[in-house]
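K.L.:
The structure under discussion is supplied below as structure tokens; questions concerning it will follow.
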Amino acid sequence: MTYPSSKSLDHLGLVAGFCKDIQLAQYIDDALGGSNERKVSFGQLFVAMLLNGLGFTGRTLHMYSEYFESKPLDRLLGEGISADDINDDALGRCLDALYDKGVSSLYQGIGERVVNHL
């Protein structure tokens, strides 16, 4: 008999929950557009980078999938996302799209969402 494995949320569950409360991934997707073309949207990748940064680890982009292997991604980012989906190619495209859009206006919008929520 095989038993299901468990994965630890640690503090990342609180951060992911707050991101869901303020609809951060949807905000990024709306700003950058084209989220239907990818399995993992730019908004979800943005939240993944945020979680990785708050996970007290400074991994390079090609190491993200390894970091997320031990995390319950269905709870943190959404159903159907695997650690392999969070790879350097997808993250690089997300970072390029963020740069092209302009991060200052996005940062302002995120700050407003946080303040309004709190």
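The values are calculated or read from the model by the stated rules, or taken from the named source; none is laboratory data. Just so it is clear, the structure is predicted and the values come from calculations on it, not from any experiment. Neighbour counts are summed over all protein chains in view; Cβ atoms, including those assigned to glycine, are modelled from backbone coordinates with ideal geometry.
K.L.:
Looking for whichever is surrounded by 12 or more Cβ atoms within 10 Å (Cβ to Cβ), assigned to a helix (DSSP H, G or I), in contact (Cβ under 8 Å) with a residue 60 or more places away in the chain and aliphatic (A, V, I, L, M) here; the options are Ala48, Ala25, Ala90, Ala31. Which one fits?
P.N.:
Ala31
K.L.:
What tally of residues in the range 37-63 results from selecting those that are at pLDDT 90 or above and among the polar types (S, T, N, Q)?
P.N.:
2
K.L.:
Of the conditions (1) in contact with a Phe, Trp or Tyr (Cβ under 7 Å, 6 or more places away or on another chain); (2) farther than 18 Å from Lys7 by Cβ, Ala83 clears all except one; give me its number.
P.N.:
(2)
K.L.:
Something else about it: Is there any pair linking a residue in the range 8-20 that is more than 9 Å from Leu76 (Cα to Cα) to one that is among the charged types (D, E, K, R) and surrounded by 15 or more Cβ atoms within 10 Å (Cβ to Cβ), with Cβ under 8 Å and at least six apart or on different chains, and which?
P.N.:
Close Cβ pairs (under 8 Å, with a partner that is among the charged types (D, E, K, R) and surrounded by 15 or more Cβ atoms within 10 Å (Cβ to Cβ)) amount to Ser8/Lys71.
K.L.:
Can you tell me which residues in the range 34-45 are surrounded by fewer than 18 Cβ atoms within 10 Å (Cβ to Cβ), small (Gly, Ala, Ser) and in a helix (DSSP H, G or I)?
P.N.:
Passing the criteria: only Ser35.
K.L.:
Further question on the same structure: When Ile81 is evaluated against the numbered criteria (1) in a loop (DSSP other than H, G, I, E, B); (2) touching a helix residue (DSSP H, G or I) at 6+ places or on another chain (Cβ under 7 Å); (3) surrounded by fewer than 16 Cβ atoms within 10 Å (Cβ to Cβ), which criterion, by number, is the only one it fails?
P.N.:
(3)
K.L.:
Residues in the range 1-22 that are in a helix (DSSP H, G or I), aliphatic (A, V, I, L, M) and either loosely packed, with under 14 Cβ neighbours inside 10 Å or at pLDDT 90 or above (or both): how many?
P.N.:
Residues in the range 1-22 being in a helix (DSSP H, G or I), aliphatic (A, V, I, L, M) and either loosely packed, with under 14 Cβ neighbours inside 10 Å or at pLDDT 90 or above (or both): 3 in total.
K.L.:
Scanning the range 61-78 for residues that are outside any helix (DSSP H, G or I) and touching a helix residue (DSSP H, G or I) at 6+ places or on another chain (Cβ under 8 Å), which turns out farthest from Leu14 (Cα to Cα)?
P.N.:
Glu69
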